[in-house]
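Some notes on the structure that comes next.
The values are calculated or read from the model by the stated rules, or taken from the named source; none is laboratory data. On a predicted model such as this, the values are computed, not experimentally measured, just so you know. In this analysis, Cβ positions are derived from the backbone assuming ideal geometry, glycine residues included, and neighbour counts consider all displayed protein chains. Side chains are part of the model used for accessible areas, which takes the heavy atoms of the whole protein and leaves out ligands, DNA and RNA. Shrake-Rupley method; radii C 1.70, N 1.55, O 1.52, S 1.80 Å.
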Amino acid sequence: MAEAPGDEGAKHRRPTAPAKAASRVRMSAAQRREQLISIGRQIFAERGFDATSIEEVASRAKVSKPVIYEHFGGKEGLYAVVVDREVRSLLDRITTALTAGDPRELLEQAALALLSYIEEETSGFRVLVRESPVLSATGNFSSVMNDVAHQVEHILGAEFSSRGYDSKLAELYAQALVGMVALTGRWWLEVRKPRKEMVAAHLVNLSWNGLSNLEANPGLITTRER
């Protein structure tokens, strides 16, 4: 029987190989751990500890739940790692910022450091301000602010002594100052107005000058041209 036109070419044509599925890049254990921490940080910021599930973390990371248990032992372990990192990050920012010798400038630097952290690491700050029952008092936002207050206390103590004030009151004033900045930071997290430099200037205005001597248009010494 005569071959149909084009059959001869079909005889010698090689069968098309099935397309291979794109292979996934395999992560190292360290890379996978960092990925899970990053995803966990985002979900804890969005939902809080109680509303976050291992299933959702695994789904976003495209891994099975046992992978998360292998790295962190469970949701509590992942949360603790996320919070510990944020605590150290925020504390490092604030302590590094305290470089001036003048008490007013130190207060400005501390306020700006906290507001900059909120602006640049919003998810991390949201994790910190969502208190969780699984952590002790040493692993949350309050503990970070207490650490900062202790540093401010030493600064105020020396300043009080040089001016003849009772240095025993330095702790009280340190807690008051840091608490004011911290609570204002939590408020600013949601409103984001005015800009952080103006927020810091008004915080310093109140704490430095008091209500009876408020400046109408306060500015920051640390940002003025010298």
Spacing of the two label points (7 Å from each Cα toward its C-beta) at Arg88 and Ser142, in nm:
2.4 nm
Charge sum, other residues only, whose C-beta stays under 14 Å from Ser89's C-beta, Lys/Arg counted +1 and Asp/Glu -1
-2
Just to confirm the filter: which trypsin sites (Lys or Arg not before Pro) across the stretch 187-217 are DSSP coil and have at most 16 other Cβ within 10 angstrom of their Cβ?
Arg192, Arg195
FRET efficiency, His150 to Asn217 (Cβ-Cβ, R0 41 Å, nearest 0.05):
0.80
Calculated FRET value between Ser123 and Met180, using beta carbons and R₀ = 30 Å, to 0.05:
0.80
The farthest towards the positive end of the charge dipole of the stretch 97-206, of the residues His154, Ala110, Val129, given +1 on Cβ of Lys and Arg and -1 on Cβ of Asp and Glu, is Val129
Rounded to the nearest Å, what's the spacing between the alpha carbon centres of the stretch 98-114 and the stretch 21-97? Just the number, please.
33 Å
Per residue of the stretch 81-97, in order, report the coupling 6.51 cos²θ - 1.76 cosθ + 1.60 (Karplus, θ = phi - 60°) as ³J(HN,Hα) in whole Hz, putting x for Gly and Pro.
5, 4, 5, 4, 5, 5, 4, 5, 5, 5, 5, 4, 4, 5, 5, 5, 6
For Arg163 and Ser38, compute 0.36 nm times the residue count separating them, minus their Cα-Cα distance, and round to one decimal in nm.
40.2 nm
Per the 1/(1 + (r/R0)^6) rule, R0 = 30 Å and r from the Cβ atoms of Lys65 and Arg192, FRET efficiency to 0.05 is 0.25
Using a probe radius of 1.4 Å on heavy atoms only, what accessible surface per residue do you get for the stretch 28-141? Whole Å² is fine.
45 Å²
